[in-house]
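*Asks:* Once you've had a glance at the structure underneath, I'll fire off some questions.
Please treat every number below as a calculation from the coordinates, not as lab data. Because the structure is predicted, anything quoted here is derived from the model rather than measured. We place every Cβ from the backbone using ideal geometry, glycine too, and count neighbours over all the protein chains shown.
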Amino acid sequence: MLTAVQWGKAAPRRAGRGFSLIELMVTVAVLAVGLSVAAPSLSTQIANYRLRSAAEAVLNGLNYARAEAVRRNSNVSFTLDASGAGWTVAQVSPATTLQMRANGEAPGVTAASTTTSLSVSFTPTGLVDTSGVRLSQVNLATAVAGAETRRVDIFGGGLIRVCTPSITAVGDPRRC
């Protein structure tokens, strides 16, 4: 059998394997444009996730303090840190720290009280000690533009709930 070279023709060229430099550069350019468009919304989503996580952590800490007050038949306090979103749950007498959350666990999230007090105390019946100025509302926010905010309300009867201040629809249960 005669080959193509023997008949005076060049052998057929095999297709190259891999990517050419131009194909690789076009792919990188398309990825860069896509990431630059998606980056702002991604940072907002991350900030919203951290905010929701911090709000749930505050809610869980408050519920834990209330439950421990009933279980221990003793006053238990929840104290918000002065900066960040950290908190501490402690038995009032004898003074014993039961649980705490560090500020760094929710980076970029700040929690602020609407009153001068950063502490609320739960009685052995599970109610809020209303004898003085107390923490009644915690506002959680982040510095990322377009991110949500959350509010934790602490009512005298011991009810604690998280709501979203930006929601105004009357029938929406997330409304404050």
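*Asks:* What percent does the relative contact order of the stretch 21-163 come to when contacts are Cα pairs within less than 8 Å and at least six residues apart?
*Replies:* 23 percent
*Asks:* On to the next question. So, in nm, how far is label residue 71 from label residue 176 when the simple model puts each one 7 Å beyond its Cα toward the Cβ?
*Replies:* Between residue 71 and residue 176, the simple spin-label model gives 3.1 nm.
*Asks:* Quick one: net charge around residue 53, please, counting Lys, Arg +1 and Asp, Glu -1 for every other residue with C-beta under 14 Å from its C-beta. The partial results should precede the final answer.
*Replies:* Values: positive: 50, 52, 101, 150; negative: 56, 105, 148.
So the surrounding residues net to +1.
*Asks:* Pairing the Cα long axis of helix 21-72 with the longest principal axis of the chain, what angle in degrees results, from 0 to 90 and rounded to the nearest 10?
*Replies:* 20 degrees
*Asks:* On to the next question. With a sphere of radius 13 Å drawn around the Cβ of residue 65, what net charge do the other residues whose Cβ falls strictly inside it have (Lys, Arg +1; Asp, Glu -1)?
*Replies:* With Lys, Arg at +1 and Asp, Glu at -1, the neighbours total +3.
*Asks:* Let me ask something else about it. Fewest to most neighbouring Cβ within 10 Å: what's the order for 46, 22, 167?
*Replies:* Ranked by crowding around the Cβ, least crowded first: 22, 167, 46.
*Asks:* Take the Cα atoms of the stretch 21-163, build their convex hull, and give its volume per residue in Å³.
*Replies:* Each residue corresponds to 117 Å³ of Cα convex hull volume.
*Asks:* Nothing charged except the Cβ atoms of Lys and Arg (+1) and of Asp and Glu (-1): what's the magnitude of the dipole of the chain about its Cα centre? Round to the nearest 20 debye. Working shown, then result.
*Replies:* Details: 16 positive and 9 negative charges, 142 e Å.
Approximately 680 debye in magnitude.
*Asks:* Could you derive backbone 3J(HN,Hα) for the stretch 75-89 from the dihedral phi with the Karplus parameters 6.51, -1.76 and 1.60 (θ = phi - 60°), listing whole Hz in sequence and x where the residue is Gly or Pro?
*Replies:* Using θ = phi - 60°, the values come out as 5, 10, 10, 10, 10, 7, 5, 5, 9, x, 10, x, 7, 9, 10 Hz.
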